[in-house]
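Single-structure report; data block below.
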Amino acid sequence: MNFLNYDRAMDRSLEVNAMSTVEISLRLSGQLPETAVLNRELGAVPTQTRRRGEPVSKRRVQPVDLWLLELAKWDDDRPIEEIESSLQQVATQLAAMAKPLAMLDRTQCQADLYISTVREDDQGGLGLPAALIMAAGAAGLGLQFSILVMLDDVAEPTNVALDSLAVGV
Amino acid sequence: MERKRDANRRDRQMVDAIAHEKGFDQLQRRQFGDYIEAVKRAEGRGGADNFTREELLELADEFLEL
């Protein structure tokens with residue numbers, strides 16, 4: 001059973017060319033109105049929804065309500081023009097939802113532009129167009145960046161060695 | 001600032017160490033990274049709200065059950 005919209009079969013595409021990826025989502029979390037109400041007010045169908053307390057795996061239950069809309073996803077092989085075009089579309093999409101998003105009760109929930117990136121390169125980054133930042137601001141979205149670095153070929157000191165250095169200082 | 005950089009480095013090594021511990025191959029290791037990110041997002045965590053070692057171990061077992 002797939003509880004998280006995580007598609008391991010799709011992920012196998014990484015087998016040939018492992019590369020850095022970026023995903024941008026609109027994420028509402030906390031204590032949320034009913035999904036149908038949110039869908040109607042925001043004029044969008046979420047990619048993923050969860051309700052607090054529902055099982056999300058054999059081991060865990062969902063800690064908060066979740067309404068998530070995936071907005072853009074790319075890997076570093078994608079031409080920059082395509083990424084920029086995609087981000088402009090995201091800006092337009094968010095701008096259209098800004099008013100109802102801004103009206104959500106922030107004492108009950110959190111609304112974020114959530115950017116997740118898994119890095120397999122020792123250089124890189126991303127830029128957001130002004131239109132997207134303005135739309136996020138108009139919608140009252142917080143900005144959350146999650147970065148996971150998975151370099152494969154760099155030897156680093158072990159934790160033990162780092163701890164020893166700290167003690168030495 | 002230096003303390004934070006060291007902490008981040010340890011966080012990264014934690015994912016690596018658990019992947020090692022569980023015997024993940026290169027593909028599994030990357031998929032596990034994607035899985036961690038998916039769970040973090042779905043749980044409503046902030047970008048800097050990282051998993052503990054115990055939580056990552058649980059996630060690794062959960063990942064293997066997918």
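Taking the number of Cβ atoms within 10 Å of each Cβ as an exposure proxy, the fewest-first ranking of B:Phe63, B:Phe24 is B:Phe24, B:Phe63. Working from label points 7 Å from Cα in the Cα-to-Cβ sense, the A:Ser85 to A:Leu151 distance is 3.4 nm. Model label points for A:Leu128 and A:Gln108, set 7 angstrom from Cα along the Cα-to-Cβ axis, are 2.6 nm apart. Summing Lys and Arg as +1 and Asp and Glu as -1 over all other residues whose Cβ lies under 10 Å from the Cβ of A:Asp65 gives a net charge of +1.
Rounded to the nearest whole angstrom, the semi-axes of the ellipsoid equivalent to region A:29-105, taken from the Cα gyration tensor as √(5λ), stand at 27, 19, 8, largest first. Computed extension gain for A:Met19 through A:Arg51, at 0.36 nm per residue and net of the alpha carbon distance, reaches 8.2 nm.
Annotation note: trypsin sites (Lys or Arg not before Pro) in region A:57-151 located in DSSP loop regions with a Cβ neighbour count of at most 14 within 10 Å are A:Lys58, A:Arg59, A:Arg106.
Mean projection of the Cα convex hull over all viewing directions, computed for region A:58-160: 10.2 nm². For the pair B:Glu21 and A:Glu41, label points projected 7 Å from Cα toward Cβ lie 4.2 nm apart. Among A:Thr47, A:Thr35, the ranking by other beta carbons within 10 Å of each residue's beta carbon, starting with the fewest, stands as A:Thr47, A:Thr35. In plain terms, the residue of B:Glu21, A:Glu23 with the fewest other Cβ atoms within 10 Å comes first and the most crowded comes last, giving B:Glu21, A:Glu23.
Every read-out reported here was derived from the displayed coordinates using simple, explicitly stated rules and does not represent laboratory data. The structure displayed is predicted, hence computed values, not measured ones. Because the Cβ atoms are built from the backbone with ideal geometry, glycine has one as well, and the counts that use them run over all protein chains shown.
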